[in-house]
Every structure is written in C-alpha cells, then in structure tokens.
Amino acid sequence: MNVYLQPTTSSVISKTASIAKDLHISGASKILIFSEDKITLSLELELAKAFGGGFMNVDVSTFKRYVSSKNHSAKMLSKESSVMIIRKIMSDSANEDGLKIFNFNKSGTGTALVLYELISQISSAGVTVE
C-alpha cells in the first residue's frame, strides 16, 4: 500500500485521479476508491476528465456505502448517530471515577465529535489494548 500526502482537498482529488488513470493504463481490472462522502462527486468529475469523458472500471464510494451495497444486512451507524451515542455515554459517565474528564457540562458540545473522530482513527489504525 502506498501513502500519498497532499496539502489540499483539490490536490488529493487530482492525485487520486492521476493514480487511477495510471492503474487503468497498467491493466488493473477493477479500481476501488474510497473517499469521504463530501468529495465523491468532485472525484468522479476529475476522473471523467482524466479518462477523457468516462470510465468503466473505477468505482468511487464511501466505505459505508460500499459495505451496504455488498451486504444489505450489515447494520452501521451514521457518523451523526455515533456522535449522539458518544455524547450520551459521556453525559451518563460524567461522575464516574476516571471519566470525570468527560464531564459533559465542561467539555462542550464539540467534544463528542472530536472523541468520535479519535475513536475512528484508532480503530482504523488497528490499535488494540495490547
């Protein structure tokens, strides 16, 4: 797996389209691109430009949408639902020993979202208790 660092969203889109075009030229049978929901359309437009108007073997999707399309029985919470659950856990656990740092009244409303992002990053990085 290669990792490419880009300073802006537009440069991420351009670089991704370039890589997809190179993979297509090298004979890749199917190219899957996972991106944030807010840039999938921009990425598809850039891919259409890179491929001269159209592409057939490239699929741009969010990971959640991809899993849902392959496994209709998979139950996944939306980001908003996950944040609401974390906010509820923080509120209910505010007075427990060791969890006082998450006092909902002191933390503010953005803390649940930040905590959700942190949990997501830790999970996607494969970090375990060990």
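The values are calculated or read from the model by the stated rules, or taken from the named source; none is laboratory data. What you see is a predicted model, and the numbers here were worked out from it, not measured in a lab. FYI the Cβ positions are ideal-geometry reconstructions off the backbone, even for glycines, and counts take in every protein chain you see. Side chains included, ligands, DNA and RNA excluded: accessible areas come from the protein's heavy atoms. Shrake-Rupley method; radii C 1.70, N 1.55, O 1.52, S 1.80 Å.
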Worksheet entry | Matching residues in region 34-54 - criterion: being touching a Lys or Arg at 6+ places or on another chain (Cβ under 9 Å), more than 10 Å from THR16 (Cβ to Cβ) and surrounded by 14 or more Cβ atoms within 10 Å (Cβ to Cβ) | THR40, PHE51
Item to complete: Specify which of the listed residues (ILE122, ILE85) is closer than 30 Å to LEU32 by Cα, hydrophobic (A, V, I, L, M, F, W, C) and either at pLDDT 70 or above or open to solvent by 70 Å² or more (accessible area, probe 1.4 Å) (or both).
Response: ILE122
Worksheet entry | Residue tally, condition part of a helix (DSSP H, G or I) and in contact (Cβ under 8 Å) with a residue 24 or more places away in the chain, over region 11-56 | 17
Practice prompt. Answer yes or no: is there a residue in region 66-75 that is exposed (fewer than 12 other Cβ atoms within 10 Å of the Cβ), modelled with pLDDT of 75 or more and basic (Lys, Arg).
Written response: yes
